[in-house]
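Quick notes on the structure that follows.
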C-alpha cells in the first residue's frame, strides 16, 4: 500500500531529526520531545521523510487557532490569523521519543497528508470540522464529530468550515444488492451510545461505519481558560475507563510545559494506579468477550474478578475507577500499600482461574480465532496503538518512551507482550500477558516506595506534550498555557481515537454480524474517548 | 458446558445481601463530605469553594451551600481544609426530590 | 343449437374489434369502441365456454362448406375440455377490455396493437374450437404471429425486438414439432379430423405413438414454457404492454397446456406409464426451476413471468400424474387429477392476469418495474394494492383463495400415488409431490417479497413517492379479483362443472364421488381426506374479525397512546435502511448456490483509499440462468458459426447464381434418370 | 426544569402506581447521554454475581417498549436530545426516569452549546442518584427508592459532621 514502502530504512532518531531540521528549523529539544518548525511549503517533504521510516509512527495531528477564545465567548470563530498545524511523530526504533513538527498554515488548504501518512485521515476530518482548513485536492472527508441534524450550532475551536458542516461527507451510498442495517445509537443495555451503519447483503458484513457524535461533549473546547488544576478533573472524565492514563498524560503535558517533574515516589504511585487500571480493564474486556460469545458462567467468573479488582482499587486509592489520583505535579493520594499487597494476588488469582478455564474451552476459543483479523501492515498504516496493534506484532508502547512520563518505567522496564495473528484471540492473549505483567510491575513499584507528593507547577507561558499507555493504548495530551497557567489550547487524544479506525477494517474481514460484538469486546474501546 | 456449570457452583456465592443487610465493601467507597460548623471559617469556606472542581459548593448569606448531587466526592475540599471536613461515609443518597440534596452549612461567626 | 353459435358471436365481435382498432384505434373513441367490442366478444366467449362445459362435445361443422371427412379448410368443434380454456379466454378478454382504455394512449402504434391483439384472441378461439388438424395448425400459427405483433408494441426499444424475437423463434421451432406430431398421427389414421383421429387411435403403432407424443410435448412445451423451453417468457413478458403480457401468461401459455392435454388424452393416449412419468417429471422440474429463478428477479414482470413458468409446471405435473393413473387403471384418480389440473388452469389464468395488469399500473404510475426502486405503494395506490394483494394471496396458494383449493386438490391426488400399485411409480409420484411442496414454500416466500417490497415499507425513489392512483384502471383487475374469490368460494360448482368435462375425457363420472355433501370435497377416495373450501373461506374471513372484536371490547378500559416505531434513536430512517428485494432473497441465493452460481462483486471506496476514507459501497451478485449459459448460448453460437460458414455462397455474383441453378437442374435430371 | 410542587405531586402519585404495579418486577432500559463510560461499567456490574439485581426483581431490557424505568447517565449532550426523547416516548406508562451520576445531576458539565448539563432539562426526572460514578450499591439503593421499596435517607441528612442536627 502507499503508506509504508520503506523509503529510508530505519534511520536513527537523530538522523531523522537532522533531516527534518534541514527542511525547517530545530525549535526545541526537551525531555525526549523534539520540536521542529517546518514552513508550509516543506510540510509535504517533511512528512515523506518521517513517514518513510519503519520505526516511526504518526501518533497525532492537531491544529491550534491563534486566538484565545474562552468558553465564555461561545461560538466565537477565530480571527483571520494563521492556524498552526502540529504533527506528532512517535519514534520507536532505537531511542523511543516524540518529534513534533509545527507548521503555520496561512490559507484554507494544506497538502493532503493522509496520502502520505494515512493515519492522518481522521485528524484531517477533525481539523476541518474544528478549524475550517482542509487538505488540498478536495477528496471527501468523513464526519467525525459534528452531528448531522442542522438544528444544532456547535462552537468550534477555530474558523468554521467553509461549507456548512452538513456537507462534510456523510459516509455511504449503498448500491446494488446490499442495504444498511441501522444499529444504535441506543443499543444494548449498559453500553455507550454509538451508531453503526452496517452494510450487509442479508448475510455477510459488506461494510461498516460508525458515528460517535452522540457523545461529543466538546472537552477540548471547554478546557480552554481553565487552570491545569481545574482542567485535570475534566480530562480524567473524557474517558473514565482510562482516567489515570488520561490524567497522567495531561498532567505530564503541564509539567513538561512548566519544566518540572513529579517526585519519584509520586511517579511510582502514578505507575501503580496505571497498572491497576490496566488490570481491571483487561478483566472487564474478558467479561465482555464471554458475554459476546454467550458463555455466561465464564462471564460471571470474569465479573467476579473484575469486581474484586475494583474493590482493590477502592481499598488502595479510595476510588473504584481511580479518579482523582493524578494531580499536576504529582498525586493527591498515596496507595494503601499493604492493602494492595494483601488484596491484589487474590483478585488477580480469580482472574487467572477464569482465563485459564476459558483458554481450555473450545467453544470459546473457536469463536475468537481467525475473527476480526488485522494485519501488521493495516495497524501501522492506520496508526493503531495498544493491545490491538501489539496483537498484530507491532511492539508499540508509550511506556517505553522515557523521562517525563516514563520515569518509573525506566527504573523498572516493562516487557512488552505481543502476538502475531492479529485476530481476536491474539488480542485476548496480549491482554492476559499484560495483566500478568501489570501485577509484577505493581509489586515492583510498591517496593520502590510510593507517596502522596506533589511538586508545584509554576505558571508559565509554554507548551508541552505528555503521554501515557492506557489499557487501550497510547494517550497523548498537548497543552499550550498562558502566563497565569491557564489553558489556551489543549489537545487530548485517547487511544480510542486511534483504534476505532481499525475497527471497521476488522469487521469487514469476511465476518458475519454475530462476530461484531466479539470484535468490539476485543478492541475494548469507548465512544466517550472517541467523541470527547 | 457442564464443566462450566460445576465450576460456577464450586465458586460459591459472592452476592451481597444489600439492601437487606449493609454491605462491607461500602466503607471503601468515596463519599461526599460532612462539615464541622465549629471549624468552618469563612476563608476556609472560600478556599473549599475555589478548589471544588464542580458547582457543588457555593456561599450565600452566611451559609455554605452544599449540593450533594453535584458533588463528585473528589475529596479536594477535605485536602484543602482537613480539620473542617470529613467524609460522610454515606452512599445511600438517592432521592425523589432534587432540592433535598442541597443543604446549608452555617459558617462560623456568621449565624444570624 | 349448441355453444358454437355463441362462439360465432364472440369471433365476430373480435373480428369487428380488430377492424375497429386498425381503422380507429388512434383516436380515443375508436379505442373505446374497439375495447367495447372486444369485451363483448369476451363475454360471449365466457358464456359459450361455460355452456360447453355442461353441453359436452359438439359435432364437427364446416362453415366453409366441404364438411367431408377428408377435411376442408375450416372445421369447427367445441369440446368440453376446450370449454374450460374458452371460458378463461373470455374472462381474461373482458378484464383486459375494461383495463385497456385507461392503459393505452390513442396512437398509430395502439391501433396496430389493438388489431393484432384482437386477431390473437380470435386465433386462440379458433385453436380451441378447431375440429380439424388443418384448422388447428393454421389458427395456431396465426396466434403466434399475432402475439409476436402484440409483444412488438414498442418496436423502437431493442430489448423489445429481442424479447419478441425470442418468442417468435421458439414458437416456430415448436410449431414445426407440433406439425410433425400431427402429421404422424394423421398419416397413420388417414384422417385430419380430430374426432376421427381420436377414434382411430388404435391404428397408430406404439413406436410412432410415442414419437408423436414426445414431439407434441416438446412442441407445445415451447408455448407452455416447460423447462428448458421456457426462456422466451422472461424475455417477452417485460417488453410487452401490461395487458399484452397478461394475455400471454393468462391464455397463450395455457394453450400450450391444452395442446399437451389434447394429445395426451384425446389424440394418442400412449400405453404404459412412462409418458405420464416424463410429463410429470418435466412439470415438477419446471415448477421448481421457475420459482427459484423468480426469486432472483427484481423486475416485477420478469418475476411474474418466472412464476408463470412455475405454475405451468404445477399444471403439467397434475396432467402427467393423471396420465400415470390412467395407465394404471385408477380411473377415479385419473379424472380427479385432470379436474385439479384444469382447476389450476382457471385459477392461474385469473390471478396471473390480475397481477400483470397491476404491474402495468405500477409501471405507469412510477415509471419503473424495478422492485428496488419502489416501495410504500400501498399508501399511494390503495385500491390497486388491495386488488394486487388478493391476487398475491391467490398465487401464493394461501387460503381462503383459489390457488389454495387447486393446489390442495393436486397434492391430494399425488399423495395417493400408492394406489398405482407399482412401487417405482409410487415413489416417483411422491418425489414429484415433494418437489411441488418445496415449490409451494418458495412461492409463498417469493410473493411475500413480490408484494412486500413494492407495496410496503417506504418509497425508495422519488418516482415511487410521487405515485398517484387517479386515472388508473381499477375495474378490470377488480373483476379478476372477484373471479379469484368466486373460484375459491364457489369451488363445489366449479368442481361439478369440471367433473362433467372429465367425464367427456375419461368416461368416468366423478361428480357424486367428488362432492358427497353439498360443500365438502373428497379427493376421489372417501377413505383419504376431505375438506370444504367454502367453509374454510367463511371461517377464515370470520376469524379476521376476532382481533377487531377483541380490540373493540378492550378499548374502553385500555387507554392507548400511539407513538412512532422505536428506531434505536437514529435521526431518521432512510429508504436505504430497509430490506431490498435482493437482500430479502439472499438466503436462497446462499442455499441454492450450486444452481445460481452467482458472481459476487464488492466495490468499496474505502478499499482503494489507504486512509479508509468511507465512500460508496457497491455489492452485487449476478446470476445468469443455467439454461441460457449451457444450452442456448452454445446453440446460438453454433448457428452463427453455420451462417458464417455458408456466407461465401452468397457472393452476389450473378454468374455464380446461374451456376447454382444449372447444378441443381443437372442434379434433378440425374435423380430422375436413376 | 426543577420540579414544581404539582410535578412532585404527580411524581409521588406515579411512584405509588409503580410500587403497586411493578413492586416485585420491573424492567430497566439504560440510556447513555454522554457519560465517560464508567457509569455504564457500574450498571453492567449490577447484573454481575456480586450484586445480581435479578434477585430483587429488576431486569434489563434492550427495548424501551418493554421498559418501565429509564436509567439515564451523562450530561445530556444536545445532539442526543432527539434520541433521548424518542426513547422516553417509546416507553409505555407508567414510567420512571432515574438520573444517574454526577454528570446527570449537573456536577461535571455546565450547560453550554454542547450539553444541557442536566438530564431534567430534557426528561422529567423522578429519581436522582448522586455519585461519580454511583457504585452498584448506590444504584441498587436508587432503584429501591424508585419503586418505593426503600425509604429515602436524604431529607434526614445534614452533611454536618457528628450528625448534630443544628
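Okay, here's what the table says:
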quantity	calculated
Count of segment A:11-40 residues which are out of contact with any strand residue (DSSP E or B) (no Cβ under 7 Å at 6 or more places or on another chain) and at positive phi	1
Only one of A:456, A:441, A:525 that is out of contact with any strand residue (DSSP E or B) (no Cβ under 8 Å at 6 or more places or on another chain), surrounded by fewer than 22 Cβ atoms within 10 Å (Cβ to Cβ) and outside any strand (DSSP E or B)	A:456
Residue that is nearest to residue C:58 (Cα to Cα) [pool: residues in segment C:496-519 that are modelled with pLDDT under 80 and out of contact with any helix residue (DSSP H, G or I) (no Cβ under 7 Å at 6 or more places or on another chain)]	C:512
Residue among A:303, A:277 that alone is facing chain D (nearest Cβ under 9 Å), crowded, with 24+ Cβ neighbours inside 10 Å, in a helix (DSSP H, G or I) and in contact with a helix residue (DSSP H, G or I) (Cβ under 8 Å, 6 or more places away or on another chain)	A:303
Single residue of segment D:43-72 satisfying the filter (touching a residue at least 24 places away in the same chain (Cβ under 8 Å) and in a helix (DSSP H, G or I)) that is nearest to residue A:291 (Cα to Cα)	D:45
Residues within segment D:136-146 that are crowded, with 24+ Cβ neighbours inside 10 Å and either touching a residue at least 40 places away in the same chain (Cβ under 8 Å) or more than 14 Å from the chain's Cα centre (by Cα) (or both), tallied	6
Some residue of segment C:353-362 being out of contact with any helix residue (DSSP H, G or I) (no Cβ under 6 Å at 6 or more places or on another chain), touching a residue at least 40 places away in the same chain (Cβ under 8 Å) and within 25 Å of residue C:255 (Cα to Cα)	no
Single unsatisfied condition, residue B:65 versus (1) buried (at least 18 other Cβ atoms within 10 Å of the Cβ); (2) more than 8 Å from chain D (Cβ to nearest Cβ)	(1)
Residues within segment B:79-95 that are in contact with a strand residue (DSSP E or B) (Cβ under 7 Å, 6 or more places away or on another chain), more than 7 Å from every other protein chain (Cβ to nearest Cβ) and closer than 20 Å to residue D:136 by Cα, tallied	1
Unique residue being within 7 Å of chain D (Cβ to nearest Cβ) and buried (at least 18 other Cβ atoms within 10 Å of the Cβ) when the list is B:98, B:76	B:98
Any hit, segment B:5-19, residues being more than 8 Å from chain D (Cβ to nearest Cβ), free of Cβ contacts under 8 Å to residues at least 12 places away in the same chain, exposed (fewer than 14 other Cβ atoms within 10 Å of the Cβ) and within 22 Å of the chain's Cα centre (by Cα)	no
Qualifying residues in segment C:261-297 (those that are over 16 Å from residue C:442 (Cα atoms) and not in a helix (DSSP H, G or I)) - the one modelled with the lowest pLDDT	C:268
Within segment C:608-627, considering residues that are assigned to a loop (DSSP other than H, G, I, E, B) and more than 25 Å from residue A:505 (Cα to Cα), the one farthest from the other protein chains (Cβ to nearest Cβ)	C:625
Failed condition for residue D:99, given (1) more than 14 Å from chain C (Cβ to nearest Cβ); (2) farther than 25 Å from residue B:53 by Cα	(2)
Residue in segment D:82-101 that is crowded, with 24+ Cβ neighbours inside 10 Å, under 30 Å from residue B:84 (Cβ atoms) and more than 13 Å from the chain's Cα centre (by Cα) present	no
Filter result for residue D:28 (within 8 Å of another protein chain (Cβ to nearest Cβ), part of a strand (DSSP E or B) and in contact (Cβ under 8 Å) with a residue 24 or more places away in the chain)	yes
Selected residue (only one of D:56, D:70, D:45 is more than 7 Å from every other protein chain (Cβ to nearest Cβ) and at pLDDT 90 or above)	D:70
Single residue of A:247, A:259, A:225 found to be within 14 Å of chain D (Cβ to nearest Cβ), touching a residue at least 24 places away in the same chain (Cβ under 8 Å), farther than 19 Å from residue A:500 by Cβ and surrounded by fewer than 21 Cβ atoms within 10 Å (Cβ to Cβ)	A:225
So residue A:289, is it more than 9 Å from every other protein chain (Cβ to nearest Cβ), buried (at least 24 other Cβ atoms within 10 Å of the Cβ) and not in a helix (DSSP H, G or I)	no
Sole residue being outside any helix (DSSP H, G or I) and surrounded by fewer than 24 Cβ atoms within 10 Å (Cβ to Cβ), chosen from D:75, D:111	D:111
Some residue of segment A:381-391 being without any contact (Cβ under 8 Å) to a residue 60 or more places away in the chain and under 21 Å from residue A:494 (Cβ atoms)	yes
Qualifying residue in segment C:202-220 (condition: buried (at least 23 other Cβ atoms within 10 Å of the Cβ), within 16 Å of the chain's Cα centre (by Cα) and within 21 Å of residue C:96 (Cβ to Cβ))	no
Some residue of segment A:101-108 being modelled with pLDDT under 80, closer than 30 Å to residue A:464 by Cβ and not in a helix (DSSP H, G or I)	no
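Yes or no, residue by residue, for (1) over 21 Å from residue C:87 (Cα atoms); (2) touching a helix residue (DSSP H, G or I) at 6+ places or on another chain (Cβ under 9 Å); (3) surrounded by fewer than 19 Cβ atoms within 10 Å (Cβ to Cβ):
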{"residue": "C:2", "(1), (2), (3)": "no, yes, yes"}
{"residue": "C:5", "(1), (2), (3)": "no, yes, yes"}
{"residue": "C:18", "(1), (2), (3)": "no, yes, no"}
{"residue": "C:23", "(1), (2), (3)": "yes, yes, yes"}
{"residue": "C:34", "(1), (2), (3)": "no, yes, no"}
{"residue": "C:40", "(1), (2), (3)": "no, yes, no"}
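Matching residues to (1) farther than 22 Å from residue D:33 by Cβ; (2) within 9 Å of another protein chain (Cβ to nearest Cβ):
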| residue | (1), (2) |
| --- | --- |
| D:52 | yes, yes |
| D:62 | no, yes |
| D:66 | no, no |
| D:74 | no, yes |
| D:109 | no, yes |
| D:120 | no, yes |
| D:128 | no, yes |
| D:138 | no, yes |
| D:147 | yes, no |
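To keep it simple, each residue is scored yes or no on (1) loosely packed, with under 10 Cβ neighbours inside 10 Å; (2) more than 45 Å from the chain's Cα centre (by Cα); (3) in a helix (DSSP H, G or I).
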{"site": "C:583", "(1), (2), (3)": "no, no, yes"}
{"site": "C:600", "(1), (2), (3)": "no, no, no"}
{"site": "C:606", "(1), (2), (3)": "no, yes, yes"}
{"site": "C:629", "(1), (2), (3)": "no, no, yes"}
{"site": "C:635", "(1), (2), (3)": "yes, no, yes"}
{"site": "C:643", "(1), (2), (3)": "yes, no, yes"}
{"site": "C:648", "(1), (2), (3)": "yes, no, yes"}
{"site": "C:651", "(1), (2), (3)": "no, yes, no"}
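The values are calculated or read from the model by the stated rules, or taken from the named source; none is laboratory data. Since we're looking at a predicted model, the values are computed, not measured. When we count neighbours, we look across all protein chains shown, and the Cβ atoms used for this are built from the backbone with ideal geometry, even at glycine.
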